[in-house]
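One structure, pasted below without further comment.
Values in this text are rule-based calculations from the coordinates and carry no lab data. Note that the structure is predicted; figures quoted are calculated from it, not measured. Using ideal geometry, Cβ is built from the backbone for each residue, glycine included, and neighbour counts are taken over all protein chains shown.
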Amino acid sequence: MNPEASLLWRRPRWQLAFLLACMGMLGPFAIDTYLPAFDGIARAVGATPVQMQQTLSSYLLGFAVMNLFHGALSDSLGRRPVVLTGVAVFTLASVGCALSDSITSLVFFRALQGLSAGAGMVVARAIIRDMFPPVDAQRVMSQVTIYFGIAPAVAPLIGGLLFVHADWHSIFWLLAALGLLLWLAVWRALPETLHRSQVQPFEVRHLLRGYWQMARDRRFLMLVLASGVPFNGMFLYVLAAPVFLGQHLQLGPTQFYWFFLLTIGGIMAGAWLSGRLAGRIKPSHQVRHGLLIMLVVSLLNVALNGMFEPHASWAMLPVAVFAFGWALMVPVVTLMVLDRVPERRGMASSVQACIGSLANAAVAGVVAPLVMHSTLALALTSLAMLAVGLLAWVWVKPRL
């Protein structure tokens, strides 16, 4: 923690949480806004479904790869410069997407968006631990998750309305405008939170030594898996939304928001409860409660989809409850990850985000196209992803 933290931010704590949430939600917002226009973009640029999937997988792959470096760079260069550069590149890439007239250029600029969009999310986690002791950090992390949930809840509705009443280009013009506004807000309000005593040398050998330290730490890696992989049990449904909502549940583009509203509502409720429980129960008990909720609802989801035809009246609810369980436990596990390497929190956040994003990219490019044809297959795959995180936690908990 920065020993001068109390001098760096004199405004109310919720304002910092809101700014950090805006930094973190830029990446997910860039996914959720254009999903309702997926088929329309394909028709406009003459792209096949496989080519359109590449606009998503290239974004997620770029997001994953660069996430490995955002935090490490912020440990050496400072938090502010990394965030400002990332948001600036994202804004320019969004302009490139808006001006694209072919699938090739759209895939390229989506990849550039992905390379830059993760800077705010990765660095925001490190900033929280720079500024607050553990219990307060959990509360702020929970606040960030609550605010973070607002944008994805409205993003598909905005994207669907823009697509229906304007065209798909307007979605990316919106992203460019939001990127510009965020850059100005960070430039004006965000202090440099990395204390000079915690600055790491910007040397290749030193960076590699840090990565190797984390790669050898099994407890660190298991905590990363426990926090990141279960997220894909929920994210799988987001990636499959055009098919899951449009074909299986027979919803139109402007009705997609019901799914996102329920899911993000679950995230926000879980994050709120996580903040309320901070300092009141043992962190490991909170993680256990979250995993148990996800396990029970995943088994129920498999049973329902095995016995009944999917219907909008119930098929979206298990995903929302799963999201609640995930948000209840993830602030706690994320802080455990960062505190495994207190002198390199930026790098720890980078590695955590990279592993999670690589899993996201694999799910988007390989898993989702294979299972989205069946709601039962989606439910079983979601359960399998939860099982990875659950087994990781069962292994690491006695060793903490």
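Compute the convex hull volume of the Cα atoms of region 98-220, divide it by the residue count, and report the result per residue in Å³ as a whole number. Please list the in-between numbers first.
Numbers: hull volume 22.5 nm³, N = 123.
So the per-residue Cα hull volume is 183 Å³.
Which percent of Cα pairs goes in each bin when the distances of region 188-295 are cut into 10 angstrom slices starting at zero?
Percent of Cα pairs in each bin: 10, 24, 26, 27, 11, 2.
Further question on the same structure: Report the semi-axes of the equivalent ellipsoid for the chain in whole Å, largest first, where each axis is √(5λ) for an eigenvalue λ of the Cα gyration tensor. If you can, show how the numbers build up before the last one.
Working: eigenvalues 194, 134, 71 Å².
Each semi-axis is √(5λ); the values are 31, 26, 19 Å.
Once region 1-140 is represented by equal point scatterers at the alpha-carbon sites, with solvent omitted, what log10 I(q)/I(0) does the Debye formula produce at q = 0.18, 0.22 Å⁻¹?
Reported log10 I(q)/I(0), two decimals: -0.96, -1.26.
Further, regarding this structure: Rank these for me by crowding, 282, 397, going from fewest to most other beta carbons within 10 Å.
Values: 282 10, 397 15.
Listing 282, 397 from fewest to most nearby Cβ atoms yields 282, 397.
Sticking with this structure for a sec: Taking the convex hull of the alpha carbon atoms in region 106-157, what volume per residue do you get, in Å³?
Numbers: hull volume 3.5 nm³, N = 52.
Residue-normalised Cα hull volume stands at 68 Å³.
Could you work out which residue, out of 190, 112, 383, moves most in a Gaussian network model of the chain, that is, has the largest mean-square fluctuation with Cα springs under 10 Å?
Of the options given, 190 has the highest mean-square fluctuation.
How do 154, 367, 123, 351 rank when sorted from fewest to most other Cβ atoms within 10 Å of their own Cβ?
Numbers: 154 16, 367 20, 123 35, 351 26.
With the sparsest Cβ surroundings first, the list reads 154, 367, 351, 123.
Per the helix-only calculation at 222 nm, which mean residue ellipticity applies to the chain, given -39500 (n - 2.57) for every DSSP H run of n ≥ 4 and division by its residues, nearest 500 deg cm²/dmol? Spell out each step's value before the answer.
Details: 16 runs with 313 residues, N = 400.
Calculated at 222 nm, the ellipticity per residue is -27000 deg cm²/dmol.
Taking every eigenvalue of the Cα gyration tensor of region 65-148, multiplying by 5 and rooting it, what semi-axes result, largest first, whole Å? Each step should come with its number before you reach the end.
On the way: eigenvalues 176, 40, 17 Å².
Result for region 65-148: semi-axes of 30, 14, 9 Å.
Cβ under 12 Å from residue 282's Cβ, residue 282 left aside: what net charge do those residues give with Lys, Arg +1 and Asp, Glu -1?
Net charge around residue 282: +3.
Continuing with this model, one more query. Could you list the residues of region 264-298 with an amide nitrogen less than 15 Å from a label point located 7 Å from the Cα of residue 14 in the Cα-to-C-beta direction?
Of the residues in region 264-298, 272-273, 275-276 have backbone N under 15 Å from the label point off residue 14.
Specify which residue in the list 54, 388, 308 is farthest towards the positive end of the charge dipole of the chain, using unit charges on the beta carbon of Lys, Arg (+1) and Asp, Glu (-1), about the Cα centre.
Projecting each Cα onto the dipole axis, the largest value belongs to 388.
Hey, got the dipole for the chain? About the Cα centre, +1 on K and R Cβ, -1 on D and E Cβ, debye to the nearest 20? Don't skip to the answer; put the middle values down first.
On the way: 26 positive and 14 negative charges, 280 e Å.
Computed charge dipole of the chain: roughly 1340 debye.
Let me ask something else about it. At residue 307 and residue 213, where each label point lies 7 Å from the Cα along Cα→Cβ, what is the point-to-point distance in nanometres?
5.3 nm
Given +1 on the Cβ of Lys and Arg, -1 on the Cβ of Asp and Glu, and no further charges, what dipole in debye does region 214-372 carry about its Cα centre, rounded to the nearest 20?
Details: 10 positive and 4 negative charges, 131 e Å.
Dipole size: approximately 640 debye.
With a 10 Å Cβ neighbour count serving as the proxy for reagent exposure, in which order, fewest first, do 10, 219 appear?
Values: 10 7, 219 15.
Neighbour counts put them in this order, fewest first: 10, 219.
Please name which of 106, 298, 270 has its Cα lying farthest along the dipole of the chain towards the positive end, using unit charges on Cβ (Lys, Arg +1; Asp, Glu -1) and the Cα centre as origin.
Of 106, 298, 270, it is 270.
Helix by helix through the chain, keep the DSSP H runs that span 15 Å or more along the axis on Cα and average at least 1.0 on Kyte-Doolittle, and give those back in order. Numbers along the way, then the final one.
Numbers: long enough: 13-32 (28 Å, 1.11); 49-77 (42 Å, 0.55); 79-99 (31 Å, 1.40); 103-131 (43 Å, 1.10); 134-165 (47 Å, 1.05); 169-189 (30 Å, 1.60); 204-216 (18 Å, -0.56); 218-239 (30 Å, 1.30); 257-277 (29 Å, 1.17); 283-307 (37 Å, 0.97); 317-340 (35 Å, 1.75); 345-362 (26 Å, 0.62); 375-396 (32 Å, 2.08).
Answer set is 13-32, 79-99, 103-131, 134-165, 169-189, 218-239, 257-277, 317-340, 375-396.
Could you bin all the Cα-Cα distances of region 223-372 into 5 Å bins starting at 0 and give me the percent of pairs in each, rounded to whole numbers?
Pair shares across the bins are 2, 9, 16, 19, 21, 15, 9, 5, 2, 1, 0.
Please give the contour-minus-distance gain from residue 185 to residue 197: 0.36 nm per residue of separation, less the Cα-Cα distance, rounded to one decimal in nm. Each step should come with its number before you reach the end.
On the way: separation 12, 0.36 × 12 = 4.32 nm, distance 2.68 nm.
Gain on extension, residue 185 to residue 197, equals 1.6 nm.
Next up: Mind putting a number on the dipole of region 67-213 about its Cα centre? Charges go on the C-beta only, +1 for Lys and Arg and -1 for Asp and Glu, and I need it in Debye to the nearest 20. Before the final figure, lay out the partial values.
Working: 10 positive and 7 negative charges, 80 e Å.
With only Lys, Arg, Asp and Glu charged at Cβ, the dipole is about 380 debye.
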